[in-house]
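The values are calculated or read from the model by the stated rules, or taken from the named source; none is laboratory data. Since we're looking at a predicted model, the values are computed, not measured. Here Cβ is always computed from backbone atoms with ideal geometry, including for glycine, and neighbour counts include all displayed protein chains. When the accessible area is computed, the model is the full protein with side chains, heavy atoms only, and any ligands, DNA or RNA have been set aside. Shrake-Rupley method; radii C 1.70, N 1.55, O 1.52, S 1.80 Å.
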Amino acid sequence: MPFARKTTRRSVLTAAAVSAALALTGCVAGEGSGKPAASGAAGTAALNIDFATYNPLSLVIKKKGWLETALKDQGVTVNWVQSAGSNKANEALRSGAIDVGSTAGSAALLAKANGSPIKAIDIFSQPEWAALVTKPGSGISTVADLKGKSVAATKGTDPYFFLLQSLSEAGLSAKDVTVQNLQHADGRAALENGSVDAWSGLDPIMAGAEQKGAKLFYRNLSFNTYGFLNATESFLREKPRQAQAVVNSYEKARAWAAANPEETAQILADAAGLDLAVAKTVVLQRSNLDVDPAPGEAQRKVLAKIGPTFVETGDVASQKQIDDAVASLLDDSLVKKADASAIKDS
């Protein structure tokens, strides 16, 4: 398969040079603001959808203009809003600033359990996008070494839940560390300037930090919870044709990325300000875009596993809320009807 699935629990990531000035993605103006671009002429219908460097398929669709072409006959314009992380995508979905947004599975579950009216309509990846990171000479080489240390993590995202699971596996809890709640790019900066001892990182920002000498001291693929494409329930109910066009576009992008891995990496490199070699590492080795797109049993198992952690940490009030969310979050109906051939090149 064009996209290699990583199965090792702990290994050394390799990455080539990265542009330091641009690697801190997530700090660009307007990113994660939840404010869609102008809708065009007054009264024009609009689809508000996110793109994110942690979702390469969104970058392909945006670059190719497929949605704009597919929705032109419906008189619908497409407004692209950049998400700096799952937490920002969830905020925009909850506020209605976007109709469709990309998050980690764990973040989607957290939002759903706390009342956000969303459905997961497509699985865009099974990535290894989170790991625990430190600087050389920190004295940290295992998760147990984090006791009493400060760790940067973006609450409400997979790296945060990766940290919680890693601590639990090592016999620790969030109370044994000081968690600094920083957006992903700011977490990297805090690690590099010494404000924190470790960082629960997210690719592709993490790849840039690694190239600059940061050490990924703990990896675990099973603690990463898939890439979920989510839509608001009102959007799915009121605009089913647009929703189907979105999923059709994602399935076209998945096939296109598999056939064009080098160009996919270039699109990521351009969007994230990465050196092409680093983008290739992220796309070809860590993203696993070649995954069953239908939300289903595999995702239910992962969500059911991490759900109790939310209750233990107080992020969700009760296990019943978790159970109800797991039962109602996943919707495979659009994937089952997906027709990539319906999406024409612009």
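Separation of the alpha carbons by more than 21 angstrom is noted, of Lys64/Lys252; Lys62/Lys301; Lys62/Lys212; Lys62/Lys336; Lys88/Lys336, for Lys62/Lys301; Lys62/Lys212; Lys62/Lys336; Lys88/Lys336.
Judged by the gyration tensor of its Cα atoms, with axes a ≥ b ≥ c, the stretch 217-304 is oblate; a/c meets the 1.5 cut and b/c is at least as large as a/b. Computed from point charges on the beta carbon alone (+1 for Lys and Arg, -1 for Asp and Glu), the dipole magnitude for the chain about its Cα centre is near 240 Debye. Projecting the Cα atoms of Gly194, Ala243, Ile205 onto the dipole axis of the stretch 182-259, where Lys and Arg carry +1 and Asp and Glu carry -1 at the beta carbon, places Ala243 farthest toward the positive end.
The stretch 238-305 and the stretch 165-237 have Cα centres separated by 20 Å.
Note on the chain: Cα-Cα pairs beyond 33 Å make up 22% of the total pair count.
In this Cβ point-charge picture (+1 for Lys and Arg, -1 for Asp and Glu), the stretch 225-346 has a dipole of about 220 debye about its Cα centre. For Phe124, the amide hydrogen comes within under 5 Å of the amide hydrogens of Gly227, Phe228, Leu229, counting only partners 5 or more places away or on other chains and with H modelled in the peptide plane.
Report, in debye and to the nearest 20, how large the dipole of the stretch 111-226 comes out about its Cα centre when Lys and Arg carry +1 and Asp and Glu carry -1 on their Cβ.
The dipole magnitude comes to about 180 debye.
In percent, rounded to a whole number, the relative contact order of the chain is 29, using alpha-carbon pairs under 8 Å and six or more apart.
For the pair Asp339 and Ala45, label points projected 7 Å from Cα toward Cβ lie 1.7 nm apart. Sorting 172-180, 282-290 by their mean Cβ neighbour count within 10 Å, with the most densely packed peptide first, gives 282-290, 172-180.
Subtracting the Cα-Cα distance of Asn193 and Ala277 from their residue separation scaled by 0.36 nm leaves 27.7 nm.
When the accessible area of the chain is split by element with a 1.4 Å probe, what percent falls to carbon and sulfur?
Numbers: 6690 of 13400 Å².
Carbon with sulfur: 50 percent of the solvent-accessible area.
Does the stretch 248-346 come out rounded, prolate or oblate by the C-alpha gyration tensor, with a ≥ b ≥ c the root eigenvalues, rounded set by a/c under 1.5 and, if not, prolate when a/b is larger than b/c and oblate if not? Don't skip to the end; give the middle numbers.
Working: a/c = 3.12, a/b = 1.59, b/c = 1.96.
Oblate is the answer for the stretch 248-346, as a/c is 1.5 or above yet b/c matches or exceeds a/b.
Taking every DSSP bridge with both residues inside the chain, close to 55 percent are antiparallel. The slack in the chain from Glu233 to Ser328, taken as 0.36 nm per residue of separation less the alpha-carbon distance, amounts to 33.1 nm.
Normalised by the number of residues in the stretch 210-284, the mean separation of alpha-carbon contacts (under 8 Å, six or more apart) gives a relative contact order of 16 percent.
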